[in-house]
Amino acid sequence: MAKKIVKKILDKTDLDEKLVAEYKSNKSLYDTILCYIRCYGGYVLAVGAGCLFGVDFKWGLGFLLAAGVWAYKVRECKPSEVCCMGGNKRC
């Protein structure tokens, strides 16, 4: 049901074409932002986990687990292959 509504709205507007055109016009900027999120997002999760441990242990543990999974996934990339560490190739 929701898919039909979204499809109907997108068919009436040219929002999706505008989003694609905006992405294509600023592709390098968006790719750089996404790359930095990929490289350093785990650190943000770890800091968030440290802050959340004082508020709610379960949320802090969840964020810490997410930071660990993030680090495990990113470790597969060699530093020279990651775009925000001097290379231009993404894993």
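The values are calculated or read from the model by the stated rules, or taken from the named source; none is laboratory data. Since the structure is predicted, the reported quantities are computational estimates derived from the model, not experimental observations. Note: ideal-geometry Cβ built from the backbone for every residue, glycine included; neighbour counts use all protein chains shown.
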Subject >> Test for Val55: is it at pLDDT 80 or above and assigned to a helix (DSSP H, G or I) >> reply: no
Item to complete: Determine whether region 74-81 contains at least one residue that is modelled with pLDDT of 75 or more, part of a helix (DSSP H, G or I), surrounded by 12 or more Cβ atoms within 10 Å (Cβ to Cβ) and not aromatic (Phe, Trp, Tyr).
Response: yes
Scanning region 21-61 for residues that are of a type in the set (Lys, Arg) and either touching a Phe, Trp or Tyr at 6+ places or on another chain (Cβ under 7 Å) or touching a residue at least 40 places away in the same chain (Cβ under 8 Å) (or both) gives Arg38
Among the residues of region 25-46, the number that are more than 17 Å from Tyr72 (Cα to Cα), aliphatic (A, V, I, L, M) and surrounded by 12 or more Cβ atoms within 10 Å (Cβ to Cβ) is 2
